[in-house]
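Engineer: There's a structure below that I have some questions on.
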Amino acid sequence: MSSNTINIKLRVWRQNGPEDSGRFEQYTLDNISTDASFLEMLDVLNDQLIAEGKEPVAFDHDCREGICGTCGAVVNGQAHGPEKGTTLCQTHMRTFGSGQTITLEPFRAKAFPVIRDLVVDRTAFDSITQSGGYVSVRTGSAPDANAIPIGKEHADKAFDAATCIGCGACVAACPNASAMLYVGAKVSYLSLLPQGEVERHDRAKNMVTTMDSLGFGNCSNAGECEEACPKNISVENIARLNRELLKAALV
Amino acid sequence: MLDSKIPGGQLAEMWDKHRFNLKLVNPANKRKFDVIVVGTGLAGASASATMAELGYNVKAFCIQDSPRRAHSIAAQGGINAAKNYQNDGDSVYRLFYDTVKGGDYRSREANVYRLAQNSNNIIDQCVAQGVPFAREYGGLLANRSFGGAQVSRTFYARGQTGQQLLLGAYNALSRMINAGKVQMYTRTEMLDLIVIDGKARGIVTRNLVTGKFETHVADAVVLCTGGYGNVFYLSTNAMACNVTASWRAHRRGAYFANPCFTQIHPTCIPVHGDFQSKLTLMSESLRNDGRVWVPKKKKDPRKPTDIPENERDYYLERRYPSFGNLVPRDVASRAAKAVCDDGYGVGPTGMAVYLDFADAIRRDGEDAIRERYGNLFHMYQKITDENPYQTPMKIFPAVHYTMGGLWVDYNLMSTVPGLFVLGEANFSDHGANRLGASALMQGLSDGYFVIPYTIGGYFAQAELGKVTADQAECRHVEREARDRVEKLLNVKGKRGVDSFHKELGHLMWNNVGMARNRQGLEEALRRIPEIRKEFWENVNVNGSAEGLNQSLEKAGRVADFLEFAETMALDALTREESCGGHFREEFQTSEGEARRDDDNFAHVAAWEYTGDPAKPTLHKEELEFEYVKLTQRSYK
Ligand SMILES: Cc1cc2nc3c(=O)[nH]c(=O)nc-3n(C[C@H](O)[C@H](O)[C@H](O)COP(=O)(O)OP(=O)(O)OC[C@H]3O[C@@H](n4cnc5c(N)ncnc54)[C@H](O)[C@@H]3O)c2cc1C
Ligand code: FES
């Protein structure tokens, strides 16, 4: 590990609450180790702000390992920052150059209202899942696990879709703030598996209806979602969702 | 007297018989009972969904903005079950035996046996939900082996097993939210427990977005709030992991069991700077294919790939020929510490050892290794800027899991009637050392297959009067919670919350960490109250109690760690033996292995709060071993 340091300028979106109109504020940070993660850099900024008697920047995070989907912000116009297939918490300061200005904003979408600074409300994702993103199986009613063989190829494809971390970057990156990649990943994953077969049509219909009712926009195939996805979830899943919807309309 | 309520009779029949003897609540009456579940990780989500399916009215709470983000999401390696799909001699009895032995004979036989029995149902349940476990080409489930076992019984979903299991439980929970049987409160933190007439009847919470305090009442409270590894500041736990719910319940009468039993995981990315906020685990499954070594020469300046085979010390294979790189975690961690303390460590700080995949890549090819561990290698490279396909990983032990927790009986009920504790938050099944891939199993066993029955047994016999949120007892607890928050805001000192957390963590790691001794523990017991005192005089929490205030959230949690730490250090001082993850330097064999004292310490130490965290009262639950013979653990 090399341990160089850089000096940076930050432009950070500050917003006191949902009602506040918000504005950018500028900060300078010196001697940031290039081995620090992006969020550790924000920790340093917050320590500095606290020492100056100012309010720290609110930002969401938990695992700091790229798996929980809690973190996320738009960095220089890109959801989760410049590194492809990487969450903000797994982005390291070695990605940036000394003297660079970094602009930080919350994920913006009608369905994700800002709570404070970089923290947004993503409850809408939970509501979509609640409307059908599951297999209806009661505890205790399962057959032996190996009674349901699944070809490895199918299992692997389902897995790729199941790795979505629900962070919302796809919505933030989409010009229409659509949630089709999120819904597509969930619907694909379950419809690729025999366990999800029975409910596949209702699932697709109900999840999309809920999505529409929550203020997400329509998909216009811009493909920005796949670009921004820290888990590289493919837009193929949107195509599969559309096929599921079509089949659902026919039955 | 602590009554563990272990049913008598034959081990293999106990759980069946117990379920038969538990009184049932008839289906129509279940609707009349309200249950509060705090925490919606694996334990809490599975418990909430299953109790709701049975008909109970569930209110579930979590700190994150969605139940899908609980710390369980980060579990990597896998989940054990005694399916014996590999036909390699596994059985419920073997899983039971390995777990009791792995825990260094400090867990209850009856609980562990039940856990092993339930393990198979868990896999069935998860597969039915659609959890995409790894499969072989024939379409059947694949397994891998994990430390402390010589059979392949671990089910896994690449390096993301926790994520897939949690999403399965989250889906089940979402379904019951949709059915109107679970009310979900996200971004809501429990600040205290309400006990009325000696029974747990509710909680006080703070809405982390609006700042609003609320009282929720119910007929029982189920804590599924995870482990307290973050008392060390740096650990592999997620940032929000805390001891607050458990500690507040402890202050209200729940005994804390074996708080000093913490697990230090052998394979984590080493510490690299003082800005560091957390440590990252590299799954134990890597030890299946990775070989651990250090150079034979101290401070060898060569690149690892330039050091020839005969100048490397594969110290685990050398010291433990039969288990080799797959020795249990406590053994592997101590061995790494020993070689580094002796000056053989590598990397800039000398506090690291190599985990090398070159042989496995030569044998199976890079693609096979990528298939098995791709996401872990990727994560390693992101953090360290080194490519583990080309050069060995550098690893070092880090705090990972806490075996201690609130004391519970066989029904998972604490010493406060009506307060149940599940998952990592309880102390129950792992003794002094948890085997890999057993925490996920325990959380789901507790949630899917134990609490749904035992809570019925409680309701069927408890006499529960009506309580309301506006009665005096509830208002009193709510007032106390508000006052505490006000007090934190009013200190208006000079030091940020994190600096206190770091100071405490540093002390705990040095004095109550991987190796402990009397002198260090006594020093910790002296220092902790000093840090706590300064905290309450000099902490600086900006902002107000209204609205989102992340410094305030952290401050409350650090304040509780500062009390809890003292009880933890005291427990470590009192347990004058070495067992599992608790290594007292004074008690070791001539070969440097842990030396247990079964005559004096084959018990659970359950601490009762007395008003002063330095002076809790000790209660002992003697452990009886009828089936497994106590021996010096050997992995040689
Ligand atoms: C990096 C890592 C990898 C791991 N890998 C494995 C593995 O491969 N196999 C294995 O078996 N185990 C593994 N473990 C251990 C395992 O993941 C955990 O022990 C287990 O997931 C804990 O589950 P839980 O449900 O008890 O708690 P958690 O998942 O920690 O959930 C705690 C819940 O409680 C809530 N909560 C906490 N306090 C409060 C409060 N005051 N108010 C309201 N809500 C609260 C949280 O919001 C959360 O919902 C791993 C652990 C780590 C750190
Ligand atoms: S903090 Fe969990 S994904 Fe970034």
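The values are calculated or read from the model by the stated rules, or taken from the named source; none is laboratory data. Remember, it's a predicted structure, so these values are computed and weren't measured experimentally. All Cβ positions, glycine included, derive from the backbone under ideal geometry; neighbour counts span all protein chains shown.
Engineer: Look through region B:228-283, keep the residues that are among the β-branched types (Val, Ile, Thr) and farther than 29 Å from B:Thr610 by Cα, and return whichever of them is nearest to the other protein chains (Cβ to nearest Cβ).
Structural biologist: Here the answer is B:Thr280.
Engineer: Please find, within region B:340-396, the residue that is nearest to B:Gly77 (Cα to Cα) out of those that are free of Cβ contacts under 8 Å to residues at least 60 places away in the same chain, charged (D, E, K, R) and more than 11 Å from chain A (Cβ to nearest Cβ).
Structural biologist: Among them, the one singled out is B:Arg370.
Engineer: Ok, one more. From the list A:Arg122, A:Arg116, exactly one residue is basic (Lys, Arg) and more than 16 Å from ligand 2 (Cβ to nearest atom). Which is it?
Structural biologist: Result: A:Arg116 is the single residue among A:Arg122, A:Arg116 that is basic (Lys, Arg) and more than 16 Å from ligand 2 (Cβ to nearest atom).
Engineer: Across region A:79-105, what is the total count of residues that are more than 9 Å from chain B (Cβ to nearest Cβ), within 15 Å of ligand 2 (Cβ to nearest atom) and part of a loop (DSSP other than H, G, I, E, B)?
Structural biologist: Qualifying residue count for the region: 3.
Engineer: Moving to a separate point now. All but one of (1) part of a loop (DSSP other than H, G, I, E, B); (2) more than 16 Å from ligand 1 (Cβ to nearest atom) hold for A:Asn31; state the number of the condition that does not hold.
Structural biologist: Looking at each condition in turn, A:Asn31 falls short on (1).
Conditions (1) over 30 Å from B:Ser119 (Cβ atoms); (2) touching a residue at least 40 places away in the same chain (Cβ under 8 Å); (3) among the hydroxyl-bearing types (Ser, Thr, Tyr); (4) in a helix (DSSP H, G or I), marked per residue:
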{"residue": "A:Ala155", "(1), (2), (3), (4)": "no, no, no, yes"}
{"residue": "A:Cys164", "(1), (2), (3), (4)": "no, yes, no, no"}
{"residue": "A:Pro175", "(1), (2), (3), (4)": "yes, yes, no, no"}
{"residue": "A:Leu181", "(1), (2), (3), (4)": "yes, yes, no, yes"}
{"residue": "A:Ala185", "(1), (2), (3), (4)": "no, yes, no, yes"}
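Engineer: Would you check if A:Asp62 is facing chain B (nearest Cβ under 7 Å), in a loop (DSSP other than H, G, I, E, B) and within 14 Å of A:Gly166 (Cα to Cα)?
Structural biologist: Yes: the conditions hold for A:Asp62.
Engineer: Looking at region B:6-35, which of its residues are assigned to a loop (DSSP other than H, G, I, E, B) and under 16 Å from B:Phe459 (Cβ atoms)?
Structural biologist: B:Leu22, B:Lys23, B:Leu24, B:Val25, B:Asn26, B:Arg31, B:Lys32, B:Phe33
Engineer: Another question, then. Right, A:Pro175: surrounded by fewer than 21 Cβ atoms within 10 Å (Cβ to Cβ) and within 14 Å of chain B (Cβ to nearest Cβ) or not?
Structural biologist: no
Engineer: Filter region B:60-86 down to residues that are within 8 Å of ligand 1 (Cβ to nearest atom) and assigned to a strand (DSSP E or B) and give me whichever is nearest to A:Val120 (Cα to Cα).
Structural biologist: The selected residue is B:Phe61.
Engineer: Restricting attention to region A:206-228, and to residues there that are part of a loop (DSSP other than H, G, I, E, B) and either within 23 Å of B:Ser174 (Cα to Cα) or in contact with a helix residue (DSSP H, G or I) (Cβ under 6 Å, 6 or more places away or on another chain) (or both), which single residue is nearest to ligand 1 (Cβ to nearest atom)?
Structural biologist: A:Leu214
Engineer: Quick check: is even one residue across region B:116-131 among the small types (Gly, Ala, Ser) and closer than 22 Å to A:Phe125 by Cβ?
Structural biologist: Among the residues of region B:116-131, at least one is among the small types (Gly, Ala, Ser) and closer than 22 Å to A:Phe125 by Cβ, which makes the answer yes.
Engineer: Return the only residue of B:Gly350, B:Gly374, B:Gly345 being assigned to a loop (DSSP other than H, G, I, E, B), surrounded by fewer than 21 Cβ atoms within 10 Å (Cβ to Cβ) and not polar (S, T, N, Q).
Structural biologist: B:Gly350
Engineer: Among the residues of region B:210-234, write down those that are surrounded by fewer than 24 Cβ atoms within 10 Å (Cβ to Cβ) and either among the small types (Gly, Ala, Ser) or in the same structural domain as B:Arg557 (by TED's automatic domain parsing) (or both).
Structural biologist: Selection gives B:Gly211, B:Ala218.
Engineer: Are any residues in region B:235-251 more than 16 Å from ligand 2 (Cβ to nearest atom), within 20 Å of B:Ser72 (Cβ to Cβ) and surrounded by fewer than 24 Cβ atoms within 10 Å (Cβ to Cβ), and if so, which ones?
Structural biologist: B:Thr244
Engineer: Got a number for residues in region B:524-551 being within 25 Å of B:Thr188 (Cβ to Cβ), surrounded by fewer than 21 Cβ atoms within 10 Å (Cβ to Cβ) and in contact with a helix residue (DSSP H, G or I) (Cβ under 8 Å, 6 or more places away or on another chain)?
Structural biologist: Number of matching residues: 4.
Engineer: Something else now. Would you confirm whether any residue within region A:38-54 is within 25 Å of B:Met351 (Cβ to Cβ), touching a His at 6+ places or on another chain (Cβ under 9 Å), at the interface with chain B (Cβ under 10 Å from one of its Cβ atoms) and modelled with pLDDT under 95?
Structural biologist: Within region A:38-54, none of the residues are within 25 Å of B:Met351 (Cβ to Cβ), touching a His at 6+ places or on another chain (Cβ under 9 Å), at the interface with chain B (Cβ under 10 Å from one of its Cβ atoms) and modelled with pLDDT under 95.
Engineer: A follow-up question, please. Take the residues in region B:71-109 that are at positive phi and touching a residue at least 60 places away in the same chain (Cβ under 8 Å), then tell me which one is nearest to ligand 2 (Cβ to nearest atom).
Structural biologist: Checked region B:71-109; the qualifying residue nearest to ligand 2 (Cβ to nearest atom) is B:Gly78.
Engineer: Let me ask something else about it. If I filter region B:429-482 down to residues being away from chain A (no Cβ under 14 Å) and of a type in the set (Val, Ile, Thr), which single residue comes out as surrounded by the fewest Cβ atoms within 10 Å (Cβ to Cβ)?
Structural biologist: B:Thr468
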